[in-house]
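Asker: Sending over a structure as structure tokens; questions will come in a sec.
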Amino acid sequence: MAIRRPLKLDKGSGDLRDFTVDEVDTIVDEVIRQYGLSPSVALTINQGSGNLTQLTETRAIAGAIASSTTAVPPTAPAVSTTTVAYNNTVQTITDQTFPYRTGTNWGNFSYPVYKTSTNDIRAMDAIDVYDTFITPALNKLVESSTESYAQAGTYFISTNQSESGSTQVGAAPVAADTNADIAAFASGSLPETVDQPSTVNRFWLHQVNPVPEFDYTAPVSMRLNDCDLQITPRSTFGEMIQALVNHYASTKIRYNFYVSSDTSFGNARGTGITDTYTTGSLTRYDYVYGSTYYAQNVPTGTPSVQSTHFLRIGLI
């Protein structure tokens, strides 16, 4: 591991000076911003064609109607459940080969330079850049928070369609939580429609927006055609670090859905995707005068959480 302290140009004296720790941190933030502008690991919504762990939600449904032409109440089948599968979230990894300079706008620039223990000026190699800037950026990107300056380009779940500092992904939700409509089942004549759902929540995918361009100290690099040291142009440096972070992120950042008890991978992002339903039943009776006796078991009670899944992000 080789963490370097890049050099900057002191505009007052014209001397080369080491970056401060805070100035290195602003470069890490710029790496994150560049990733947010064009992430190499993306999530989209495509209903029925997802490639992450399939989510399911369950709700109670009524039993079939039972009828009799005698005065003895018939025995009705029990309440049961129905399950809906949600397979909507697609993870796409844009495989990034290692970014060499040839054919790029930064082809004539070295990586940032630093001062060795013997006071020589040397250009960082790719491992130095990875250890100094990229690794801290990747570690921030997969934290559980969803701040524009620290997790730009990554994703989280919300029950709201609008969230500050982010953009909703897709027109359809990741999943939904529905319950039996207890009030509808408890009123009206028999037979009741077996499945009468009521939506409790929908769970939407959001992507964290990058912050607008901000001020940071650009490092000094070496111009390769004449070995001249100069401040790296911001557009050149931005393209350089975006190529690097996208390459490494494509090999390391991953998402998936995990049940709440499974914390073996990464960090949870946003709202838990709950599955709630009722487990009680009520037997209702009805009589059509001079004709038929009816009985039907319908759902009743207060819904409770049966399972919760989280979208998790981590490094492999």
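Asker: Take residue 215 and tell me if it is farther than 30 Å from residue 316 by Cβ, surrounded by fewer than 16 Cβ atoms within 10 Å (Cβ to Cβ), at pLDDT 95 or above and not β-branched (Val, Ile, Thr).
Answerer: Working: farther than 30 Å from residue 316 by Cβ: yes; surrounded by fewer than 16 Cβ atoms within 10 Å (Cβ to Cβ): yes; at pLDDT 95 or above: no; not β-branched (Val, Ile, Thr): yes.
So residue 215 fails the test.
Asker: Give the residue that is farthest from residue 235 (Cα to Cα), with candidates limited to residues of region 95-125 that are hydrophobic (A, V, I, L, M, F, W, C) and at pLDDT below 95. Break it down stepwise before answering.
Answerer: From region 95-125, those hydrophobic (A, V, I, L, M, F, W, C) are 98, 106, 109, 113, 121, 123-124; that's our starting set.
Within this subset, residues satisfying the condition of being at pLDDT below 95 are 98, 106.
On the way: 98: 20, 106: 9 Å.
The qualifying residue farthest from residue 235 (Cα to Cα) is 98.
Residue-wise test of (1) touching a helix residue (DSSP H, G or I) at 6+ places or on another chain (Cβ under 6 Å); (2) of a type outside the set (A, V, I, L, M, F, W, C).
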residue	(1), (2)
114	no, yes
126	no, no
154	yes, yes
160	no, yes
165	no, yes
168	no, yes
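Asker: Checking the conditions here, which among 77, 73 is closer than 30 Å to residue 193 by Cα, surrounded by fewer than 16 Cβ atoms within 10 Å (Cβ to Cβ) and at pLDDT below 95? Show your work before the answer.
Answerer: On the way: 77 fails: at pLDDT below 95.
Of the residues listed, the single one that is closer than 30 Å to residue 193 by Cα, surrounded by fewer than 16 Cβ atoms within 10 Å (Cβ to Cβ) and at pLDDT below 95 is 73.
Asker: Criterion first (without any contact (Cβ under 8 Å) to a residue 12 or more places away in the chain and under 25 Å from the mean Cα position of the chain (by Cα)) does residue 250 satisfy it? If you could, list the steps in order and put the result at the bottom.
Answerer: Working: without any contact (Cβ under 8 Å) to a residue 12 or more places away in the chain: no; under 25 Å from the mean Cα position of the chain (by Cα): yes.
No; evaluated as a whole, the condition is false for this residue.
Asker: Being touching a strand residue (DSSP E or B) at 6+ places or on another chain (Cβ under 7 Å) and at pLDDT 95 or above: is that true of residue 84 here? Before you say what the answer is, go through the steps one by one.
Answerer: Numbers: touching a strand residue (DSSP E or B) at 6+ places or on another chain (Cβ under 7 Å): yes; at pLDDT 95 or above: yes.
Yes: the conditions hold for residue 84.
Asker: Restrict the check to region 294-304 and report whether at least one residue is under 25 Å from residue 96 (Cα atoms), part of a strand (DSSP E or B) and touching a Leu at 6+ places or on another chain (Cβ under 7 Å). Before you say what the answer is, go through the steps one by one.
Answerer: At the first step, the residues of region 294-304 found to be under 25 Å from residue 96 (Cα atoms) are none.
Scanning region 294-304, I find no residue that is under 25 Å from residue 96 (Cα atoms), part of a strand (DSSP E or B) and touching a Leu at 6+ places or on another chain (Cβ under 7 Å), so the answer is no.
Asker: Restricting to region 39-92, name every residue that is over 30 Å from residue 246 (Cα atoms), in a loop (DSSP other than H, G, I, E, B) and polar (S, T, N, Q).
Answerer: 69, 70, 75
Asker: Moving to a separate point now. Is it true that some residue in region 217-226 is touching an Asp or Glu at 6+ places or on another chain (Cβ under 7 Å), free of Cβ contacts under 8 Å to residues at least 24 places away in the same chain and polar (S, T, N, Q)?
Answerer: No, every residue in region 217-226 fails to be touching an Asp or Glu at 6+ places or on another chain (Cβ under 7 Å), free of Cβ contacts under 8 Å to residues at least 24 places away in the same chain and polar (S, T, N, Q).
Asker: Now for a separate question. Could you grab me the full set of residues in region 256-293 that are closer than 30 Å to residue 43 by Cβ, of a type outside the set (Gly, Ala, Ser), outside any strand (DSSP E or B) and out of contact with any Gly (no Cβ under 9 Å at 6 or more places or on another chain)?
Answerer: First, the residues of region 256-293 that are closer than 30 Å to residue 43 by Cβ: 256-277.
Checking the rest, the ones that are also of a type outside the set (Gly, Ala, Ser) come to 256-259, 262-263, 265, 267, 269, 271, 273-277.
Those still in the list that are outside any strand (DSSP E or B) too: 262-263, 265.
262, 263, listed by residue number.
Asker: Something else about it: With respect to residue 255, is the statement that it is among the aromatic types (Phe, Trp, Tyr), in contact with a helix residue (DSSP H, G or I) (Cβ under 9 Å, 6 or more places away or on another chain) and touching a residue at least 24 places away in the same chain (Cβ under 8 Å) true? Please lay out each step first, then the result.
Answerer: On the way: among the aromatic types (Phe, Trp, Tyr): yes; in contact with a helix residue (DSSP H, G or I) (Cβ under 9 Å, 6 or more places away or on another chain): no; touching a residue at least 24 places away in the same chain (Cβ under 8 Å): yes.
Taking the combined requirement at face value, the residue does not satisfy it.
Asker: Right, another one. Could you please find all residues in region 172-212 being part of a loop (DSSP other than H, G, I, E, B) and over 30 Å from residue 38 (Cβ atoms)? Even if it seems obvious, please write down each step before you answer.
Answerer: Of region 172-212, the ones part of a loop (DSSP other than H, G, I, E, B) are 172-174, 181, 186-196, 209-212.
Scanning region 172-212 gives 181, 186, 187, 188, 189, 190, 191, 192, 193, 194, 195, 196.
Asker: A further question on this structure: Is there a residue being free of Cβ contacts under 8 Å to residues at least 24 places away in the same chain, aliphatic (A, V, I, L, M) and within 30 Å of residue 129 (Cβ to Cβ) anywhere in region 22-31?
Answerer: no
Asker: Same structure, new question: Is region 132-143 home to any residue that is farther than 27 Å from residue 17 by Cβ and either charged (D, E, K, R) or crowded, with 22+ Cβ neighbours inside 10 Å (or both)?
Answerer: Within region 132-143, one or more residues are farther than 27 Å from residue 17 by Cβ and either charged (D, E, K, R) or crowded, with 22+ Cβ neighbours inside 10 Å (or both).
Asker: Can you find, within region 146-159, the residue that is nearest to residue 81 (Cα to Cα) among those that are in a loop (DSSP other than H, G, I, E, B) and touching a strand residue (DSSP E or B) at 6+ places or on another chain (Cβ under 7 Å)? Steps first, please.
Answerer: Filtering region 146-159 down to residues in a loop (DSSP other than H, G, I, E, B) leaves 146-154, 159.
Narrowing further to those that are touching a strand residue (DSSP E or B) at 6+ places or on another chain (Cβ under 7 Å): 146, 148, 151-154, 159.
Numbers: 146: 36, 148: 42, 151: 39, 152: 40, 153: 39, 154: 36, 159: 24 Å.
So the residue we want is 159.
Asker: Can you pull out the residues in region 216-239 that are farther than 16 Å from residue 7 by Cβ and under 28 Å from the mean Cα position of the chain (by Cα)?
Answerer: Those that are farther than 16 Å from residue 7 by Cβ and under 28 Å from the mean Cα position of the chain (by Cα): 238, 239.
Asker: Only one of 220, 211, 259 is under 23 Å from residue 168 (Cβ atoms) and of a type in the set (A, V, I, L, M); which?
Answerer: Values: 220 fails: under 23 Å from residue 168 (Cβ atoms); 259 fails: under 23 Å from residue 168 (Cβ atoms).
After ruling out the rest, the residue left standing is 211.
The values are calculated or read from the model by the stated rules, or taken from the named source; none is laboratory data. Note that this is a predicted model, so its numbers are computed, not measured. Methodologically, a virtual Cβ is constructed for each residue, glycine included, from the backbone with ideal geometry; neighbour enumeration extends over all protein chains shown.
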